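Below is one structure, written out as structure tokens; the observations come after it.
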Amino acid sequence: PYAALPAADGSVVVTGMLYGAADFGGVPVTPLGSDARDGFVFKLDAARQVSWARRFGGASNVDFGFGLAADGAGGVYLGGEFRGTADFGPHTRTASDSGTGFVARLDAAGQFTWVAQGGYGNVAGVA
């Protein structure tokens, strides 16, 4: 994991990069390609049970989440970097160069609601 965001209710959202399949408390997350290093984001409730888990990225790239911030409505903003073409739930983006920074919003249920991409590099300090 690269970042964790604790909330007042005792829940925690975590983001980072995975290489190969992972199981977050019974919620499986699998990269798109056999050699992909995709990003992940998941939420633990106050009892440390997984509420939701998502992967994002492309089939043969290095993609990761690097920063988190609360949105005030139960969702989170996620910052990081992706390369090539990557999917964020229903949203697909293509990097403008070898590594493109992004900010995405996930709602309280962990669904990607939007993704904005920037220039070269990652978005480390979302808050």
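The values are calculated or read from the model by the stated rules, or taken from the named source; none is laboratory data. Please read all numbers here as calculations on a predicted model, not as lab measurements. Note: ideal-geometry Cβ built from the backbone for every residue, glycine included; neighbour counts use all protein chains shown. Protein only, heavy atoms only, side chains kept; ligands, DNA and RNA dropped before computing areas. Shrake-Rupley method; radii C 1.70, N 1.55, O 1.52, S 1.80 Å.
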Using a 10 angstrom cutoff on alpha carbons, build the Gaussian network for the chain and name the most mobile of 66, 56, 112. 112
Classify the range 27-85 as rounded, prolate or oblate from the Cα gyration tensor: take a ≥ b ≥ c as the square roots of its eigenvalues, call it rounded if a/c is under 1.5, otherwise prolate when a/b beats b/c and oblate if not. oblate
Net charge contributed by nearby residues that have their C-beta within less than 11 Å of residue 85 (K/R +1, D/E -1): 0
Per residue value of the accessible surface for the chain (all protein chains in place, 1.4 Å probe), Å²: 46
Can you classify the chain as rounded, prolate or oblate using the Cα gyration tensor, where a ≥ b ≥ c are the square roots of its eigenvalues, rounded means a/c under 1.5, and otherwise it's prolate if a/b beats b/c and oblate if not? oblate
In whole percent, how big is the carbon plus sulfur part of the accessible area of the chain, probe 1.4 Å, protein atoms only? 54
Which residue, 58, 72, 26, tops the fluctuation ranking in a GNM of the chain built on C-alpha contacts under 10 Å? 72
Quick check for me: using +1 on Lys/Arg Cβ and -1 on Asp/Glu Cβ, what's the dipole size of the chain about its Cα centre, in debye to the nearest 20? 0
Positive-pole candidate from 49, 64, 77, dipole of the range 24-113, charges at beta carbon: 49
Using only the heavy atoms of the protein chains and a 1.4 Å probe, how would 77, 19, 2 rank by accessible area, largest first? 19, 2, 77
With Cα springs under 10 Å, the Gaussian network model of the chain assigns the largest mean-square fluctuation among 95, 73, 86 to 73
Taking the Cβ of residue 50 as the center, what net charge do the other residues with Cβ under 13 Å away carry, scoring Lys and Arg +1 and Asp and Glu -1? +1
